[in-house]
1. Among the residues of the range 66-100, which ones are under 15 Å from the mean Cα position of the chain (by Cα) and open to solvent by 60 Å² or more (accessible area, probe 1.4 Å)?
2. Mind listing whichever residues of the range 57-98 are touching a strand residue (DSSP E or B) at 6+ places or on another chain (Cβ under 7 Å) and part of a helix (DSSP H, G or I)?
3. For Leu160, which of the numbered conditions (1) surrounded by fewer than 21 Cβ atoms within 10 Å (Cβ to Cβ); (2) out of contact with any Gly (no Cβ under 9 Å at 6 or more places or on another chain); (3) in contact (Cβ under 8 Å) with a residue 24 or more places away in the chain fails to hold?
4. Quick one: Gly159 ticks every box in (1) within 25 Å of Asp65 (Cβ to Cβ); (2) not in a helix (DSSP H, G or I) except a single one, so which number is it?
5. Of all residues in the range 101-119, which are closer than 17 Å to Val143 by Cβ, within 11 Å of the chain's Cα centre (by Cα), part of a helix (DSSP H, G or I) and not aromatic (Phe, Trp, Tyr)?
6. Only one residue in Asp136, Asp184 is farther than 23 Å from Ala57 by Cβ and charged (D, E, K, R). Which one?
7. Is it fair to say Ser149 is surrounded by fewer than 17 Cβ atoms within 10 Å (Cβ to Cβ), free of Cβ contacts under 8 Å to residues at least 12 places away in the same chain and not basic (Lys, Arg)?
Amino acid sequence: MTNPDGVDDKKRATLRRFAALGAATPLAGLSEPAAADSGESDARDAIVGYLSTTPGAHFSKIRDDLQLGTGETQHHLRRLEELEAIEHYPDGDYKRFVPAGRFDEFEKQALGYLRRETPRGMLIELLLDSETTAGDLAAALDVSPPTVSKYAGELEEAGLLSRDDGYAVERPETVLVLVVGHADSFGESARRLARNADQFIDYHG
């Protein structure tokens, strides 16, 4: 159903849900007053709220999850960057977005790989058990050993994984905090880890 102002009710509900999250962050109130009459304030607040819960999301995911148009998304992301509310960084073919000034370079790299299914699964399995082998990872994730090897190489090059003596997550406490803090946006395996996070606080401590 579409309201007289042309905004679909389902889209409006989605925007309001994430705008409420945005209002609870330190980035609240960054939309200009003039934007409110056109509905731009809702969209910008929603993007801020969305990125507070889903940092490292790429352009298409933001657009699709918030049910925005391509041009609309580009416009709001650009304006929010001008307001220094958010920032982006390159990740291969992707442009990923995070709240401005919140994450260091290692954390941004980690978020990028945590947004990919197989690398995320590998990191979570290794956080759960530091003795996990390449064969264990292949079996747990239902992928081939060459796939594990490929992503292990990428994770090592990104500074997220050591292969000096088996596989070991670099800065595991940092990666754990990222997974736990944003578990709902990473899927069920992350949520399971978050439910038992207290067991891993001293991981490699």
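1. If the condition is that a residue be under 15 Å from the mean Cα position of the chain (by Cα) and open to solvent by 60 Å² or more (accessible area, probe 1.4 Å), then His88, Pro90, Tyr94, Lys95 are the ones that fit.
2. Hits for the range 57-98 are Phe59, Ile62, Leu77, Leu80, Glu81.
3. Failed condition: (1).
4. Failing condition for Gly159: (1).
5. Leu114
6. Only one candidate passes the filter, namely Asp136.
7. When the stated conditions are applied, Ser149 does not pass them.
Rundown of residues vs (1) in contact with a strand residue (DSSP E or B) (Cβ under 9 Å, 6 or more places away or on another chain); (2) of a type in the set (D, E, K, R), yes/no style:
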position	(1), (2)
Ala100	yes, no
Asp104	no, yes
Glu107	yes, yes
Gly112	yes, no
Met122	yes, no
Leu127	yes, no
Gly135	no, no
Ala138	no, no
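The values are calculated or read from the model by the stated rules, or taken from the named source; none is laboratory data. Bear in mind that the values here come from a model prediction, so they are computed numbers and not experimental data. Virtual Cβ from ideal backbone geometry, glycine too; neighbours counted across all protein chains shown. The accessibility values were calculated without ligands, DNA or RNA, using every heavy atom of the protein model including side chains. Shrake-Rupley method; radii C 1.70, N 1.55, O 1.52, S 1.80 Å.
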